[in-house]
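All remarks here apply to the structure that follows.
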Amino acid sequence: MYEHKLRYENLQHGFFTGSGRYGIPELNGTSRTDLPELVSFNYARTASKKEEKGVHFFIDDYQFARVWNHPTDYLALLSKYKVVFAPDFSLYADIPEAMQIYNHYRKHWCAAYWEHNGIEVVPTICWSGENSFEWCFDGEPIGGTVAVSSVGTQRSREAKAAFLRGYNEMMKRLKPSAVVFYGSVPNECEGNIIHIGAFQNKFDKKVVR
């Protein structure tokens, strides 16, 4: 019976040490700051010189849900890259919290699975409302390099304030040595920020705050 249960929700491929109330798989993370040129996952198969590049998942969820649905099918492909970001499954504040927690778990399971198979992973940090602070940082390493996306979070004063609350909570809890920032960087954000222009593959600039 126990063996049968391990064939559920990818557990047959990896059962990882978990943290927090929901047993979120723990990540080792990385301290890498010399990031290579990045390509989004939807171009990962066709990109040239894969060994010189990295892969990010700051795209719509439907374009990368397959790394969860068929994890073994993409292991060889992602292993060709120098570094891979954890998949950015969405944590929309207006969807049920159970779905948000499930997406956080899926992000960590995929990233832990990749780490277990020798891939260097940059943790991608995401949050929704303040209630998510109870679990959205579970499984993340302390220190090191993390990645965040501000895309879609700066459209109103309320949305920007919510983003900044989560960002500041991340800085307090995780104490990252560097933050890879996808999208516009609010002036209020502090830290060693490596900026990536949204919807571009190459870095725009590096800003140290």
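Below is a table of values for the structure above.
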item	result
Condition met for I101 (surrounded by fewer than 21 Cβ atoms within 10 Å (Cβ to Cβ) and modelled with pLDDT of 95 or more)	yes
Residue in segment 185-209 that is modelled with the lowest pLDDT, counting only those that are under 25 Å from A93 (Cα atoms) and exposed (fewer than 14 other Cβ atoms within 10 Å of the Cβ)	F199
Search result, residues across segment 17-31 that are surrounded by 13 or more Cβ atoms within 10 Å (Cβ to Cβ) and modelled with pLDDT under 95	none
Top-ranked residue of segment 108-133 - restricted to ones that are surrounded by 19 or more Cβ atoms within 10 Å (Cβ to Cβ) and among the β-branched types (V, I, T), ranked as nearest to A159 (Cα to Cα)	I125
Tally of residues being part of a helix (DSSP H, G or I) and closer than 22 Å to F57 by Cα across segment 151-161	2
Residues that are touching a Gly at 6+ places or on another chain (Cβ under 8 Å) and at pLDDT 95 or above, drawn from segment 78-98	S79, Y81, K82, V83, V84, F85
Subset tally (residues that are under 18 Å from the mean Cα position of the chain (by Cα), loosely packed, with under 14 Cβ neighbours inside 10 Å and part of a helix (DSSP H, G or I)) for segment 44-78	4
Where a residue in segment 166-181 is under 17 Å from A86 (Cα atoms) and its partner, wherever it lies, is in a helix (DSSP H, G or I) and open to solvent by 10 Å² or more (accessible area, probe 1.4 Å), with Cβ under 9 Å and at least six apart	V179/M171
Test: residue in segment 63-77 that is modelled with pLDDT of 95 or more and touching a strand residue (DSSP E or B) at 6+ places or on another chain (Cβ under 6 Å)	no
Test for V83: is it within 11 Å of the chain's Cα centre (by Cα) and either free of Cβ contacts under 8 Å to residues at least 24 places away in the same chain or more than 17 Å from G18 (Cβ to Cβ) (or both)	no
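The values are calculated or read from the model by the stated rules, or taken from the named source; none is laboratory data. Predicted model, so just to flag it, every value in this text is computed and none were measured. Counting neighbours? That spans all protein chains shown, and the Cβs are built from the backbone with ideal geometry, glycine included. To get the accessible areas, we keep the full protein, side chains included, count just its heavy atoms, and leave off ligands, DNA and RNA. Shrake-Rupley method; radii C 1.70, N 1.55, O 1.52, S 1.80 Å.
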